[in-house]
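Asks: Below is the structure I would like to discuss, written out as structure tokens.
Nothing in this text is a laboratory measurement; each read-out follows from the coordinates by a stated rule. Every value quoted in this text rests on a predicted model; they were computed, and no experiment measured them. Please note: Cβ atoms are built from the backbone with ideal geometry, for glycine as well, and neighbour counts cover all protein chains shown.
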Amino acid sequence: MTIAAQDLFNARILIVDDQAVNVLLLEDMLAAAGYTQVFSTQDPTTVCAMHRRQPFDLILLDLQMPVMDGFQVMESLKANTGDDYLPVLVITAQPGHKLRALQAGAKDFVSKPFDLVEVQTRIHNLVEVRLLYKRLAQHNKLLEAEVLERTAELRESEARYRSLTELATDWYWEQDHQGHFTKVSGPVLEMLGIRVDALAEDAVAPADDGWDGEQRQALQARITARTPFLDVRLNRQCSNGVLKEYRVSGTPMFDNACNFVGYRGFGVEILG
């Protein structure tokens, strides 16, 4: 990922210094270097409002100013602008202030009196990093939006699948990762040996409910092993002597991290 030279020179730069001579010196240097969006203020109390209205890509900030020094300006920027990347290059004649400025959030510093070559180099580097940061943040927003869109599409697709499944089958069921039924339609609980009217307790159905015990145990073993199954036959002898035959299919469900989250199944009555 690279930044075009024209984008660098179009970066918005703000000079904050109470000394007019320093402001003019920096303005002339930046103009000579090719920067086209250079602004300045000798009143540090206006910096936050200016940055909120239209954020700057770099702020050249003098530390020693009356009314509001550079440290206070940085604290105000962090508290009021919502910018998680503070694009500040501090200007100081006090060597002891350099470490404190960096700890306060400044990205770099230059010393007075200016070395123009050094100042130009540091400004170029910081502007490039700032623009790369903005591009990365924009890219991440686009990715996040795409993920949300795809997630919504998947949820809609799953909702359609469930709706069609419930319409096209005699029963539909879902279990969570602990084997508790979270959604049921039809006789599936009875089929698996659980009373429909005792869903919360997962109570076992009576042994004489008419279902083929071996078939039911074989189905439960597949569910316990978390394996998919297709058209498994299940027979039931009703109390009136009628034999009913069903086919049931099911598949385990996993989340994005491949963690087992439950089971989903459906089936139809094919004889009865």
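Asks: For a test of the definition: using alpha carbon positions, the gyration tensor, and the 1.5 limit on a/c, classify the chain as rounded, prolate or oblate.
Replies: prolate
Asks: Expressed as a rounded percentage, what relative contact order does the chain have, with Cα pairs under 8 Å and six or more residues apart?
Replies: It comes to 12 percent, rounded to a whole number.
Asks: Next question. For the pair T121/V232, report the inter-label distance in nm, with labels modelled 7 Å from Cα in the Cβ direction.
Replies: Label at T121, label at V232, 7.2 nm between them.
Asks: Can you compute the charge dipole magnitude of the range 1-157 about its Cα centre, using +1 on each Lys and Arg Cβ and -1 on each Asp and Glu Cβ, nothing else charged? Give it in debye, rounded to the nearest 20.
Replies: Using only the charged Cβ atoms, the result is roughly 200 debye.
Asks: Give me the angle, in degrees from 0 to 90, between the Cα long axis of helix 70-80 and the longest principal axis of the Cα atoms of the chain, rounded to the nearest 10.
Replies: Compared with the principal axis, the helix lies near 30 degrees.
Asks: Related question: Which one, F114, H177, T224, projects farthest toward the positive side of the charge dipole computed for the chain from Cβ point charges (K/R +1, D/E -1)?
Replies: Result: F114, furthest along the dipole toward the positive end.
Asks: Under 8 Å for C-alpha pairs, at least 6 residues apart: give me the relative contact order for the range 45-102, rounded to a whole percent. Numbers along the way, then the final one.
Replies: Working: 48 pairs, mean separation 22.9, N = 58.
Once normalised by length, the contact order is 39 percent.
Asks: Which one of I91, I13, I223 has the biggest mean-square fluctuation once the chain is modelled by GNM with Cα springs under 10 Å?
Replies: Maximum among the listed residues: I223.
Asks: Mind checking which lysines have their Cα closer than 28 Å to the Cα of K141? Skip sequence neighbours fewer than 8 apart in that chain.
Replies: K78, K107
Asks: Just for the chain, what percent of DSSP beta bridges are antiparallel, to the closest 5?
Replies: Numbers: 29 of 46 bridges.
Given both bridge residues lie in the chain, the antiparallel proportion sits at roughly 65 percent.
Asks: With a ≥ b ≥ c taken as the square roots of the eigenvalues of the C-alpha gyration tensor of the range 5-141, please select rounded if a/c is under 1.5 and otherwise prolate if a/b is larger than b/c or oblate if it is not?
Replies: Rounded, because the longest to shortest axis ratio a/c is under 1.5.
Asks: Nearest 20 debye, what's the magnitude of the dipole of the chain about its Cα centre given +1 on Lys and Arg Cβ and -1 on Asp and Glu Cβ?
Replies: The dipole of the chain has a size of about 260 debye.
Asks: Normalising by the residue count of the range 5-141, find the relative contact order in percent from Cα pairs under 8 Å and 6+ residues apart.
Replies: Relative contact order here is 23 percent.
Asks: Also: Please arrange C258, C238 by how many other C-beta atoms lie within 10 Å of their C-beta, fewest to most. Don't skip to the end; give the middle numbers.
Replies: Numbers: C258 6, C238 11.
Listed from fewest to most nearby Cβ atoms, that is C258, C238.
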